[in-house]
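Below is one structure, written out as C-alpha coordinates; comments come after it.
The values are calculated or read from the model by the stated rules, or taken from the named source; none is laboratory data. Quick caveat, the model's predicted, so the values are computed rather than measured. Every residue, glycine as well, gets a Cβ built from its backbone with ideal geometry; the counts of neighbours run over all protein chains shown. Note: accessible area is taken over every heavy atom of the protein model, side chains too, but ligands, DNA and RNA are not part of it. Shrake-Rupley method; radii C 1.70, N 1.55, O 1.52, S 1.80 Å.
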Amino acid sequence: ELGAQVKRVVDSGLRVTHFDGHQHVHILPDVLAIVRELGVRYGIHAVRRPAEPLRLGAPVRMAQLMALRRFCELCDWSGWRTTDAFVGFLSGGTLDVAAALRCLPDEGTTELMCHPGEPDPDSPYARWGYAWARELNGLTNPAIRTLLELRRIELVDFGAL
(Lines give C-alpha, C1' and ligand atoms only; values in the text may rest on other atoms or scores of the structure.)
Protein backbone atom coordinates (compact mmCIF):
# COMPACT_ATOMS: atom_id res chain seq x y z
CA GLU A 1 0.00 0.00 0.00
CA LEU A 2 2.77 2.43 0.87
CA GLY A 3 4.51 1.66 -2.40
CA ALA A 4 1.28 2.31 -4.33
CA GLN A 5 0.83 5.66 -2.59
CA VAL A 6 4.40 6.79 -3.29
CA LYS A 7 4.15 5.65 -6.92
CA ARG A 8 0.93 7.59 -7.39
CA VAL A 9 2.45 10.80 -6.03
CA VAL A 10 5.65 10.40 -8.04
CA ASP A 11 3.67 9.57 -11.21
CA SER A 12 1.58 12.73 -10.70
CA GLY A 13 4.69 14.82 -11.27
CA LEU A 14 4.87 16.23 -7.76
CA ARG A 15 8.39 16.55 -6.35
CA VAL A 16 8.69 14.28 -3.32
CA THR A 17 11.25 15.75 -0.90
CA HIS A 18 10.97 13.32 2.01
CA PHE A 19 9.06 10.59 3.78
CA ASP A 20 6.99 10.97 6.88
CA GLY A 21 4.01 9.04 8.09
CA HIS A 22 0.75 9.88 9.77
CA GLN A 23 1.28 9.63 13.51
CA HIS A 24 4.98 8.94 12.73
CA VAL A 25 4.22 5.34 11.74
CA HIS A 26 7.17 5.47 9.32
CA ILE A 27 9.63 4.98 12.20
CA LEU A 28 8.28 1.57 13.15
CA PRO A 29 11.11 -0.80 12.19
CA ASP A 30 9.18 -2.89 9.66
CA VAL A 31 7.65 0.21 8.07
CA LEU A 32 10.99 2.04 7.94
CA ALA A 33 12.47 -0.94 6.08
CA ILE A 34 9.79 -0.51 3.41
CA VAL A 35 10.35 3.25 3.37
CA ARG A 36 14.07 2.68 2.85
CA GLU A 37 13.39 0.36 -0.09
CA LEU A 38 11.02 2.93 -1.62
CA GLY A 39 13.55 5.69 -1.06
CA VAL A 40 16.11 3.78 -3.09
CA ARG A 41 13.58 2.96 -5.81
CA TYR A 42 12.31 6.54 -6.20
CA GLY A 43 15.41 8.54 -5.26
CA ILE A 44 13.90 9.98 -2.07
CA HIS A 45 16.75 10.46 0.36
CA ALA A 46 15.23 12.41 3.28
CA VAL A 47 12.94 11.30 6.08
CA ARG A 48 11.35 12.89 9.13
CA ARG A 49 13.23 12.03 12.34
CA PRO A 50 10.77 13.12 15.06
CA ALA A 51 13.13 13.00 18.05
CA GLU A 52 12.00 16.15 19.86
CA PRO A 53 13.98 16.99 23.00
CA LEU A 54 12.23 16.06 26.24
CA ARG A 55 10.73 18.92 28.22
CA LEU A 56 7.75 19.46 30.45
CA GLY A 57 4.31 19.09 28.97
CA ALA A 58 1.06 17.24 29.51
CA PRO A 59 1.87 13.86 31.13
CA VAL A 60 0.22 11.76 28.41
CA ARG A 61 1.95 13.74 25.66
CA MET A 62 5.31 13.42 27.46
CA ALA A 63 4.86 9.63 27.67
CA GLN A 64 4.08 9.54 23.94
CA LEU A 65 7.15 11.66 23.23
CA MET A 66 9.35 9.32 25.27
CA ALA A 67 8.05 6.35 23.25
CA LEU A 68 8.59 8.24 20.00
CA ARG A 69 12.15 9.12 21.01
CA ARG A 70 12.83 5.47 21.88
CA PHE A 71 11.66 4.33 18.45
CA CYS A 72 13.91 7.00 16.90
CA GLU A 73 16.85 5.61 18.88
CA LEU A 74 16.16 2.14 17.49
CA CYS A 75 16.06 3.32 13.87
CA ASP A 76 18.98 3.06 11.49
CA TRP A 77 19.23 6.60 10.12
CA SER A 78 22.36 5.89 8.06
CA GLY A 79 21.99 6.93 4.46
CA TRP A 80 19.05 9.20 5.24
CA ARG A 81 19.05 12.97 5.21
CA THR A 82 17.24 14.31 8.26
CA THR A 83 16.97 17.61 10.03
CA ASP A 84 19.29 18.21 12.96
CA ALA A 85 16.34 18.84 15.30
CA PHE A 86 12.59 18.44 15.47
CA VAL A 87 10.00 20.54 17.34
CA GLY A 88 6.23 20.40 17.55
CA PHE A 89 5.22 16.96 18.80
CA LEU A 90 4.84 17.90 22.44
CA SER A 91 2.54 20.80 21.58
CA GLY A 92 0.89 18.97 18.67
CA GLY A 93 -2.23 20.78 17.56
CA THR A 94 -1.73 23.64 19.99
CA LEU A 95 1.58 25.04 18.77
CA ASP A 96 2.43 28.65 19.64
CA VAL A 97 4.42 29.43 16.49
CA ALA A 98 6.21 32.52 17.82
CA ALA A 99 7.22 30.78 21.07
CA ALA A 100 8.48 27.75 19.13
CA LEU A 101 10.58 29.93 16.80
CA ARG A 102 12.12 31.76 19.76
CA CYS A 103 13.31 28.42 21.21
CA LEU A 104 14.85 26.89 18.09
CA PRO A 105 18.54 25.99 18.16
CA ASP A 106 20.83 28.73 16.83
CA GLU A 107 22.46 26.40 14.29
CA GLY A 108 21.49 23.53 12.06
CA THR A 109 18.15 22.58 10.58
CA THR A 110 14.97 22.10 12.58
CA GLU A 111 11.67 20.74 11.38
CA LEU A 112 8.75 22.61 12.93
CA MET A 113 5.76 20.27 12.91
CA CYS A 114 2.46 22.09 12.89
CA HIS A 115 -1.14 21.58 11.84
CA PRO A 116 -2.43 24.76 10.17
CA GLY A 117 -5.86 24.78 8.64
CA GLU A 118 -9.52 25.48 9.11
CA PRO A 119 -11.55 23.52 11.64
CA ASP A 120 -13.91 20.93 10.19
CA PRO A 121 -16.51 19.70 12.69
CA ASP A 122 -17.31 16.77 10.37
CA SER A 123 -13.73 15.53 10.36
CA PRO A 124 -12.93 12.39 12.37
CA TYR A 125 -10.04 14.44 13.80
CA ALA A 126 -12.33 17.16 15.19
CA ARG A 127 -12.38 15.35 18.56
CA TRP A 128 -8.62 15.86 18.88
CA GLY A 129 -9.19 19.50 19.84
CA TYR A 130 -6.46 20.83 17.55
CA ALA A 131 -6.25 24.61 17.12
CA TRP A 132 -5.83 24.50 13.33
CA ALA A 133 -6.94 28.10 12.76
CA ARG A 134 -4.70 29.42 15.54
CA GLU A 135 -1.68 27.66 14.06
CA LEU A 136 -2.57 28.93 10.58
CA ASN A 137 -2.88 32.48 11.93
CA GLY A 138 0.42 32.08 13.76
CA LEU A 139 2.21 30.99 10.60
CA THR A 140 0.73 33.74 8.43
CA ASN A 141 1.08 36.58 10.95
CA PRO A 142 3.42 39.27 9.50
CA ALA A 143 5.19 39.45 12.86
CA ILE A 144 6.48 35.92 12.24
CA ARG A 145 8.41 37.13 9.17
CA THR A 146 10.05 39.78 11.37
CA LEU A 147 10.92 37.17 14.00
CA LEU A 148 12.45 34.94 11.33
CA GLU A 149 14.60 37.83 10.12
CA LEU A 150 15.69 38.78 13.64
CA ARG A 151 16.66 35.19 14.44
CA ARG A 152 18.25 34.77 10.97
CA ILE A 153 16.08 31.73 10.34
CA GLU A 154 15.92 30.63 6.72
CA LEU A 155 12.87 28.66 5.63
CA VAL A 156 13.76 25.58 3.56
CA ASP A 157 12.13 22.32 2.64
CA PHE A 158 13.55 18.82 2.88
CA GLY A 159 14.90 19.15 -0.64
CA ALA A 160 17.52 21.55 0.75
CA LEU A 161 19.01 18.97 3.13
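Tabulated values for the structure
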{"item": "Gained length - Tyr125 relative to Thr140, 0.36 nm times residue gap less alpha-carbon distance", "result": "3.1 nm"}
{"item": "Cα-based radius of gyration of segment 1-86 once divided by 2.2 N^0.38 Å, which approximates compact folds", "result": "1.17"}
{"item": "Scattering curve values for segment 74-116, log₁₀ I(q)/I(0), Debye with Cα scatterers, q = 0.14 Å⁻¹", "result": "-0.39"}
{"item": "Å² of accessible area per residue within the chain, as computed with a 1.4 Å probe and no ligands counted", "result": "63"}
{"item": "Calculated SAXS-style log₁₀ I(q)/I(0) at q = 0.29 Å⁻¹ - segment 92-152, Debye, Cα scatterers", "result": "-1.25"}
{"item": "Contact order relative to length of segment 23-151, as percent, for alpha carbon pairs under 8 angstrom and 6 or more apart", "result": "21"}
{"item": "Structure-derived log10 I(q)/I(0) by the Debye sum over Cα atoms at q = 0.11, 0.21 Å⁻¹ - corresponding label in [x] -0.55, -1.32; [y] -0.46, -1.44; [z] -0.51, -1.49", "result": "[z]"}
{"item": "Radius 12 Å from Cβ of Arg151, net charge of other residues (Lys, Arg +1; Asp, Glu -1)", "result": "-1"}
{"item": "Chain lengthening between Arg70 and Ala98 when straightened (0.36 nm per residue, less Cα-Cα)", "result": "7.3 nm"}
{"item": "Positive minus negative residues near Thr94 (Lys, Arg vs Asp, Glu; Cβ under 11 Å)", "result": "0"}
{"item": "Heavy-atom accessible surface of the chain: percent carbon and sulfur, 1.4 Å", "result": "55"}
